[in-house]
Amino acid sequence: MMHDSGGVQMARVLKHATLCLMLLPRFLVAAVMLWLLDFLCIRKKVLLKMGAKQDSPDDPPVCVSDSNRMFTLESLRAVWYGQKLDFLKSAHLGRAAPNTERVVSQYADIADFLVVYIEEAHPSDGWVSSDAPYQIPKHRCLEDRLRAAQLMLAEVPGSNVVVDNMDNESNAAYGAYFERLYIVMDERVVYQGGRGPEGYRISELRNWLEQYRNDRMNSHTAVLHV
C-alpha cells in the first residue's frame, strides 16, 4: 500500500511538472507583456493598435485606465490560473460539450443565450481593476456568488443567468476565465471563442449564427444553445 501511494504521488508530481514546463513559455510572454503595459506610453500604443484591429462595433473594446497596474503578483496568479484552465479544459471544438444536461433540459428552443457567471476576474481583494463598475471581493461561498450574479442580472433583466458552483466545474471544463463565448448544438461544441478580453469576439458569434440561420432555412430544424 505504501509503495502504491508513493507511485501515485510521484505520478502527480511528474504531471504537475510537465504541465508547468508546457505552460511556462506562454506564461513568461504574458508576464513580459504585463510588465511592458505598466509603461503608459507602451500601454496607449498597444490599446490603440488593438482598437484599430477590431472587426466590428459589436466587439467590446479592451479598456485599461492609466491608474491600473498590470504587473502585480495577483495579476500573474490570475494569468497563470487562466492559462492552466485553458490548457486543461475538456471543451473543444467539434467534441462533446461538458455539463450540458441542465442546459438542454431548461433551454430547449431553437436558439437560447445562457450566461454562466463564474469567479471574479478582478476581485477587490485580488487583481483589482479601477475600471470595474463594481468592487466585488472573491467569492467565499455560493451565496456570495449569487449576490454578485444579481448585479449582472440587474444590468440585463430577463436574461438567463446561472452561476458556476464553488468547485468552478464549468469554468474548468470550458476554460472560461476571464470570459469566453461558446455555441453548443446537439451537446457538441460547434463554436469556441478565444479567451477574453482580447479573444472575446461577439462579431464572430453573430457571423456563426447568421450562417446557421441561412443554412437552416433549407434544412431540418435543429436544437441550438448559446
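The values are calculated or read from the model by the stated rules, or taken from the named source; none is laboratory data. Please read all numbers here as calculations on a predicted model, not as lab measurements. Every residue, glycine among them, receives a Cβ derived from its backbone with ideal geometry; neighbour counts consider all protein chains shown. Keep in mind that these areas ignore ligands, DNA and RNA; they rest on the heavy atoms of the full protein, side chains included. Shrake-Rupley method; radii C 1.70, N 1.55, O 1.52, S 1.80 Å.
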I'd like the residue in the stretch 100-111 that is surrounded by 16 or more Cβ atoms within 10 Å (Cβ to Cβ) and not in a loop (DSSP other than H, G, I, E, B) and, out of all such residues, is modelled with the highest pLDDT.
111
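Check whether at least one residue in the stretch 1-22 is outside any strand (DSSP E or B), open to solvent by 70 Å² or more (accessible area, probe 1.4 Å), closer than 24 Å to residue 129 by Cα and at pLDDT 75 or above, and report yes or no. Outline the logic, then answer.
At the first step, the residues of the stretch 1-22 found to be outside any strand (DSSP E or B) are 1-22.
Within this subset, residues satisfying the condition of being open to solvent by 70 Å² or more (accessible area, probe 1.4 Å) are 1-4, 8-10, 12-16, 18, 21-22.
From what is left, the residues that are closer than 24 Å to residue 129 by Cα are none.
Scanning the stretch 1-22 turns up no residue that is outside any strand (DSSP E or B), open to solvent by 70 Å² or more (accessible area, probe 1.4 Å), closer than 24 Å to residue 129 by Cα and at pLDDT 75 or above.
For residue 73, state whether it is closer than 26 Å to residue 130 by Cβ, at pLDDT 80 or above and open to solvent by less than 70 Å² (accessible area, probe 1.4 Å). Please lay out each step first, then the result.
Numbers: closer than 26 Å to residue 130 by Cβ: yes; at pLDDT 80 or above: yes; open to solvent by less than 70 Å² (accessible area, probe 1.4 Å): no.
Considered against the rule, which asks whether it is closer than 26 Å to residue 130 by Cβ, at pLDDT 80 or above and open to solvent by less than 70 Å² (accessible area, probe 1.4 Å), residue 73 comes out as no.
Does the stretch 128-159 hold any residues that are of a type in the set (D, E, K, R), farther than 19 Å from residue 114 by Cα and more than 18 Å from the chain's Cα centre (by Cα), and which are they? First the steps, then the outcome.
Just the residues of the stretch 128-159 that are of a type in the set (D, E, K, R), to begin with: 131, 138, 140, 143-145, 147, 155.
Restricting the remaining residues to those that are farther than 19 Å from residue 114 by Cα gives 131, 138, 140, 143-144.
Once the filter is applied, which keeps residues that are of a type in the set (D, E, K, R), farther than 19 Å from residue 114 by Cα and more than 18 Å from the chain's Cα centre (by Cα), the stretch 128-159 yields 131, 140, 143, 144.
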Pairs, please: C-beta under 9 Å, at least 6 apart or cross-chain, first residue among the acidic types (Asp, Glu) and in the stretch 20-42, second open to solvent by 90 Å² or more (accessible area, probe 1.4 Å) and outside any helix (DSSP H, G or I)?
38/69
Determine whether the stretch 70-87 contains at least one residue that is closer than 29 Å to residue 205 by Cβ and not in a helix (DSSP H, G or I).
yes
Exception for residue 53 within (1) at pLDDT 80 or above; (2) open to solvent by 90 Å² or more (accessible area, probe 1.4 Å); (3) among the basic types (Lys, Arg) falls at (1)
Test for residue 129: is it of a type in the set (Ser, Thr, Tyr), open to solvent by 30 Å² or more (accessible area, probe 1.4 Å) and either at pLDDT below 80 or in contact with a Cys (Cβ under 9 Å, 6 or more places away or on another chain) (or both):
no
Step by step: first the residues of the stretch 78-99, then only those that are hydrophobic (A, V, I, L, M, F, W, C) and out of contact with any helix residue (DSSP H, G or I) (no Cβ under 9 Å at 6 or more places or on another chain), then the one that is least open to solvent (accessible area, probe 1.4 Å). Which residue is that?
78
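Is the stretch 130-142 home to any residue that is in a strand (DSSP E or B), in contact with a helix residue (DSSP H, G or I) (Cβ under 7 Å, 6 or more places away or on another chain) and aromatic (Phe, Trp, Tyr)?
The initial filter retains those residues of the stretch 130-142 that are in a strand (DSSP E or B), namely none.
No - not one qualifying residue is present in the stretch 130-142.
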In the stretch 56-70, how many residues are out of contact with any Asp or Glu (no Cβ under 7 Å at 6 or more places or on another chain) and surrounded by fewer than 12 Cβ atoms within 10 Å (Cβ to Cβ)?
5
